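Student: What follows is a single structure, and I will ask about it in a moment.
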2 protein chains.
Amino acid sequence: MGAGPEDHPDVQVFDEIRYIEHLVRTTISRKLPVGLTYPQFEVMNLLSRRGDGISPLEIARALQMTKSGLTNTLQRLHARKLIHVEHCENDGRRKVIWLTPDGRAAYAQSMAAIRPKMEDLRDGFTQKEFRDALPFLKALRTWLGEKP
Amino acid sequence: MGAGPEDHPDVQVFDEIRYIEHLVRTTISRKLPVGLTYPQFEVMNLLSRRGDGISPLEIARALQMTKSGLTNTLQRLHARKLIHVEHCENDGRRKVIWLTPDGRAAYAQSMAAIRPKMEDLRDGFTQKEFRDALPFLKALRTWLGEKP
DNA sequence: AATCGAAAATTCGAGATCGAACTATTTGTG
DNA sequence: CACAAATAGTTCGATCTCGAATTTTCGATT
């Protein structure tokens, strides 16, 4: 029984990364208040972290979403009145997104649902462990992003 | 300007992981022969690595797909005659999946398209770097998977 | 042997995701 | 100024993804 490619450390690393990404996505999804999906939460999370008043294109780039994919998500958030969409004054092509009070409330509710898990995580691992893992992950991400 | 949560190493790690996963997915997707999607490739990759003759449930578990999602992908692969679906003799509920010769050819063609990038990667990083990154990633994945 | 509960797969509906084509606006250049 | 190229966003079609409900088959208990 010879060693297949699945034994190579690089393949294993990508498998683990795929698995972790999936676990994070499903774990958070299941904890979100009903009516909120994971991408919707991600958008609101960015609006909350980065401050409102950013454009759809900035959001799409920050979250690795396509413009068309983001249009879809923004339309749904807008339909639920969780975001407010303004037309940019200086540039007629651009729009600017804001969280509404309802949006902030839904976001706070989501974070509250996730917080216990996050705190568990910070008990299970040290910040040093995360810090030590970062350089390689950043290098890998940069390398993958630079060579199209 | 206080430190937001985005500065925390743990948040950064998850951001990098999300980014890497996305880059791998899109990079491979764009290199695949026309007509093949990334999930379809993943299934064929597993069939090729793990050997044929495995059941849909085993595939779904290995690839973190839901059974219903896999049914969809298998139906498409079957429609293109890239896989062969048998009814298990011992167990009437189960099916067993095989790559057809066409499937093997399509898989070989996909791997050939991806190989240069993989070789570049093995030039850009050492196997030791991947090996050193593994324990933390495995621990993180296990922890996330154990606490539902 | 009859039945009940678990397991494997499918169907269905809602939402996400991508890429290509399209519209509208702005910017740069002659 | 006119017009070409670039930019921001949307629309559309195909596929993926999930969860819930359903069907079929198996296995164990009685």
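Student: Could you say whether any residue in the stretch A:47-58 is in a loop (DSSP other than H, G, I, E, B) and in contact with a helix residue (DSSP H, G or I) (Cβ under 8 Å, 6 or more places away or on another chain)?
Tutor: Taking the stretch A:47-58 first, the residues in a loop (DSSP other than H, G, I, E, B) are A:51-53, A:55.
In the following step, the residues that additionally are in contact with a helix residue (DSSP H, G or I) (Cβ under 8 Å, 6 or more places away or on another chain) were identified as none.
No, the stretch A:47-58 has no match at all.
Student: Of A:Ile59, A:Ile54, A:Ile28, which residue is modelled with pLDDT of 95 or more, closer than 26 Å to B:Glu21 by Cβ and more than 14 Å from DNA strand C (Cβ to nearest atom)? Can you show your working first?
Tutor: Details: A:Ile59 fails: more than 14 Å from DNA strand C (Cβ to nearest atom); A:Ile28 fails: more than 14 Å from DNA strand C (Cβ to nearest atom).
Exactly one residue qualifies, and that residue is A:Ile54.
Student: Hey, another quick one. For B:Ile83, all conditions in the list (1) over 23 Å from A:Val11 (Cα atoms); (2) in contact with a helix residue (DSSP H, G or I) (Cβ under 6 Å, 6 or more places away or on another chain); (3) within 10 Å of DNA strand C (Cβ to nearest atom) hold save one; what is the number of the exception?
Tutor: Result: B:Ile83 passes all but (3).
Student: Another question, if that's okay. State which residue is farthest from B:Gln12 (Cα to Cα) when the search covers only the stretch A:111-148 and only residues that are more than 10 Å from every other protein chain (Cβ to nearest Cβ) and open to solvent by less than 50 Å² (accessible area, probe 1.4 Å).
Tutor: A:Ala113
Student: Turning to a different aspect of this structure: Give the stretch B:97-146 a look and list any residue that's of a type in the set (Lys, Arg) and within 22 Å of B:Glu58 (Cα to Cα), or say none. Before you say what the answer is, go through the steps one by one.
Tutor: To start, the set of residues in the stretch B:97-146 that are of a type in the set (Lys, Arg) comprises B:104, B:115, B:117, B:122, B:128, B:131, B:138, B:141.
Correct list: B:Arg104, B:Lys138, B:Arg141.
Student: So A:Arg25 passes all but one of these: (1) within 11 Å of DNA strand D (Cβ to nearest atom); (2) over 13 Å from A:Leu99 (Cα atoms); (3) more than 9 Å from chain B (Cβ to nearest Cβ). Which condition number does it fail?
Tutor: It is condition (3) that A:Arg25 fails.
Student: Sticking with this structure for a sec: If we scan the stretch B:64-73, do we find a residue that is hydrophobic (A, V, I, L, M, F, W, C), within 11 Å of DNA strand C (Cβ to nearest atom), within 27 Å of A:Leu63 (Cα to Cα) and part of a helix (DSSP H, G or I)?
Tutor: Residues of the stretch B:64-73 that are hydrophobic (A, V, I, L, M, F, W, C), as a first pass: B:65, B:70.
Going one step further and asking which of them are within 11 Å of DNA strand C (Cβ to nearest atom), we end up with B:65, B:70.
Next cut, within 27 Å of A:Leu63 (Cα to Cα) only: B:65, B:70.
Narrowing the set further to residues that are part of a helix (DSSP H, G or I) leaves B:70.
Checked the stretch B:64-73: at least one residue is hydrophobic (A, V, I, L, M, F, W, C), within 11 Å of DNA strand C (Cβ to nearest atom), within 27 Å of A:Leu63 (Cα to Cα) and part of a helix (DSSP H, G or I).
Student: Quick check on the stretch A:47-65: of everything there that is farther than 17 Å from B:Val13 by Cβ and surrounded by 18 or more Cβ atoms within 10 Å (Cβ to Cβ), which residue is nearest to DNA strand D (Cβ to nearest atom)?
Tutor: The qualifying residue nearest to DNA strand D (Cβ to nearest atom) is A:Pro56.
Student: Quick check on the stretch A:1-19. Is at least one of its residues away from every other protein chain (no Cβ under 14 Å), surrounded by fewer than 19 Cβ atoms within 10 Å (Cβ to Cβ) and more than 30 Å from A:Leu140 (Cα to Cα)?
Tutor: Here is the first cut: in the stretch A:1-19, the ones away from every other protein chain (no Cβ under 14 Å) are none.
Among the residues of the stretch A:1-19, not one is away from every other protein chain (no Cβ under 14 Å), surrounded by fewer than 19 Cβ atoms within 10 Å (Cβ to Cβ) and more than 30 Å from A:Leu140 (Cα to Cα), which makes the answer no.
Student: Quick one: how many residues across the stretch B:97-124 are closer than 22 Å to A:Leu140 by Cα and touching a helix residue (DSSP H, G or I) at 6+ places or on another chain (Cβ under 6 Å)?
Tutor: Here the count works out to 3.
Student: For A:Arg61, indicate whether it is part of a helix (DSSP H, G or I) and within 14 Å of chain B (Cβ to nearest Cβ). Outline the logic, then answer.
Tutor: Details: part of a helix (DSSP H, G or I): yes; within 14 Å of chain B (Cβ to nearest Cβ): yes.
Against the criterion (part of a helix (DSSP H, G or I) and within 14 Å of chain B (Cβ to nearest Cβ)), A:Arg61 qualifies.
Student: So, in the stretch A:29-45, how many residues would count as being part of a helix (DSSP H, G or I) and farther than 10 Å from A:Leu99 by Cβ?
Tutor: To start, the set of residues in the stretch A:29-45 that are part of a helix (DSSP H, G or I) comprises A:29-31, A:38-45.
With farther than 10 Å from A:Leu99 by Cβ added as a condition, the list becomes A:29-31, A:38-42, A:45.
The qualifying residues number 9.
Student: Here are some conditions: (1) within 12 Å of the chain's Cα centre (by Cα); (2) within 14 Å of chain B (Cβ to nearest Cβ). A:Thr37 meets all but one. Which one does it not meet?
Tutor: Against the list (1) within 12 Å of the chain's Cα centre (by Cα); (2) within 14 Å of chain B (Cβ to nearest Cβ), A:Thr37 comes up short only on (2).
Student: Within the stretch A:80-100, identify whether any single residue is part of a helix (DSSP H, G or I) and open to solvent by 70 Å² or more (accessible area, probe 1.4 Å), and answer yes or no.
Tutor: Looking only at the stretch A:80-100, we keep the residues that are part of a helix (DSSP H, G or I), and these are none.
Scanning the stretch A:80-100 turns up no residue that is part of a helix (DSSP H, G or I) and open to solvent by 70 Å² or more (accessible area, probe 1.4 Å).
Student: May I pose another question? State whether the residues of the stretch A:116-125 include one that is within 11 Å of DNA strand D (Cβ to nearest atom), assigned to a helix (DSSP H, G or I) and either more than 30 Å from B:Ser29 (Cα to Cα) or touching a residue at least 12 places away in the same chain (Cβ under 8 Å) (or both).
Tutor: If we filter the stretch A:116-125 for residues that are within 11 Å of DNA strand D (Cβ to nearest atom), which is where we start, we get none.
Taking every residue of the stretch A:116-125 in turn, none turns out to be within 11 Å of DNA strand D (Cβ to nearest atom), assigned to a helix (DSSP H, G or I) and either more than 30 Å from B:Ser29 (Cα to Cα) or touching a residue at least 12 places away in the same chain (Cβ under 8 Å) (or both).
The values are calculated or read from the model by the stated rules, or taken from the named source; none is laboratory data. From a predicted model like this one, the values you see are computed outputs, not experimental measurements. Cβ sites come from the backbone with ideal geometry, for glycine too, and all protein chains shown count toward neighbours. Surface accessibility is based on the protein's heavy atoms, side chains included, excluding ligands, DNA and RNA. Shrake-Rupley method; radii C 1.70, N 1.55, O 1.52, S 1.80 Å.
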